[in-house]
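See below for the structure under consideration.
Computed from the coordinates by the stated procedures, all read-outs in this text should not be read as laboratory data. The structure displayed is predicted, hence computed values, not measured ones. Glycine also receives a Cβ, built like all others from the backbone with ideal geometry; neighbour counts cover every protein chain displayed.
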Amino acid sequence: MQSRERQSPMPTLIAPTSDSTAFSPQFDLEGVLVVDPLVSPGDIDTLTLRTAEIAAGSVPYPDEHLELEPGATGLELSTLRKINHCHFHDEVFAAHAAHPGILDVIEALIGPDIKVFGSQLFMKPPGGVEKPWHQDSAYFPLDPQIVVTCWTALDNVTLENGCMHVIVGSHRDGIIDHSQEWMIGDRRDMQVPDELIDENRTRAITLAAGGCSFHHGILLHRSGPNHTAHSRRGLAVHYIPGNCRWIGPPEEEKEFQVVRGRDTTD
Ligand SMILES: O=C(O)CCC(=O)C(=O)O
């Protein structure tokens, strides 16, 4: 990880786009789009406050959807790694998933019927570990396999505190076998092998709090470790079109929320 960062101390950054007519062509070509700013400072304050309340236990949240940093034992802001499926379990995150400005971008990319498939708040506390190269759709059994993730920065996101890095255009190369083991503490996960990554094609996404990046489900991406004394929180909401169905094990199927238009699976 550190050697990767030494190799590219100043990666090329992805510039924000504000021309909505360019959203779809750019996304088709690059598989990623940055709109910064998008979410208001007031809304960001509401989200960060709720995050702190969940970490402090003052707002109830199901334990099984809270993940701690490797080696941590007690739940607090400095140990919380991830809040899973937050749009489903908390009204503040549900309201964010239906944010009209975000949905306008999603509509330009996948059409007028939009459902939420899932959400994850990546807390990346000080010292928080990297998330290695992966493709979201490798984990999402959906048909058609169309997922766009909106990743909203709740803090200013920099190279030092673990911004995302992407391989522009990699969504056009299909899903790659996640065949390299990745241990997160004692939990085993998988990643795309490092040797399959062309470092010359990577670009970094830095954002101000309230900025959003949108990435295709097949886009290769990772995030770095947090080398700073402050959290780097990013709220990822996964959007799918109205005709999308779950094709994984029935017992793992989750309810999809329609946030614009209608469910067109019938
Ligand atoms: O925020 C991170 O650290 C990782 C984000 C990510 O992998 C995702 O949104 O799919």
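Across region 98-118, the residues whose backbone nitrogen lies under 16 Å from the label position 7 Å along the beta-carbon direction of VAL258 are 98, 111-117. Sorted on the mean count of surrounding Cβ atoms within 10 Å across their residues, most packed first, peptides 126-135, 172-181, 218-227 read 218-227, 126-135, 172-181. Build a GNM of the chain with springs between Cα atoms under 10 Å apart, and of MET164, MET190, MET123 the one that fluctuates most is MET190. Here the chain has an Rg and Dmax of 17.4, 52 Å, counting Cα atoms alone.
Calculated mean residue ellipticity at 222 nm for the chain: -5500 deg cm²/dmol, from DSSP H runs with n ≥ 4 weighted as -39500 (n - 2.57), summed, divided by the residue count and rounded to 500. At a temperature of 25 °C and a viscosity of 0.890 mPa s, determine how fast region 121-255 diffuses translationally according to Stokes-Einstein, using the Kirkwood radius over alpha-carbon pairs as Rh; express D in µm²/s, rounded to the nearest whole number. This corresponds to a translational diffusion coefficient of 156 µm²/s. In terms of overall dimensions, the C-alpha atoms belonging to region 21-158 reach 46, 33, 30 Å along their principal axes, ordered largest to smallest. For LYS124, the lysines whose Cα comes closer than 17 Å to its Cα, not counting residues fewer than 8 places off in the same chain, are LYS82.
Comparing Cα centroids, region 39-69 and region 19-34 end up 31 angstrom apart.
Placing a label point 7 Å from the Cα of LEU29 along the Cα-to-Cβ direction, the residues of region 128-169 with a backbone N closer than 17 Å are 167-169. Below 19 Å, Cα to Cα, which aspartates and glutamates can LYS115 reach? Residues fewer than 8 away in the same chain don't count. Partners within reach: ASP90, GLU91, ASP104, GLU107, ASP136, ASP143, GLU252, GLU253, GLU255, ASP263, ASP266.
Summing charges over neighbours of SER179, with a neighbour being any other residue whose Cβ is under 15 Å away from its Cβ, gives -4 when K and R count +1 and D and E count -1.
Length available on full extension from ARG172 to SER58: 0.36 nm per residue minus the Cα-Cα distance, which gives 36.6 nm.
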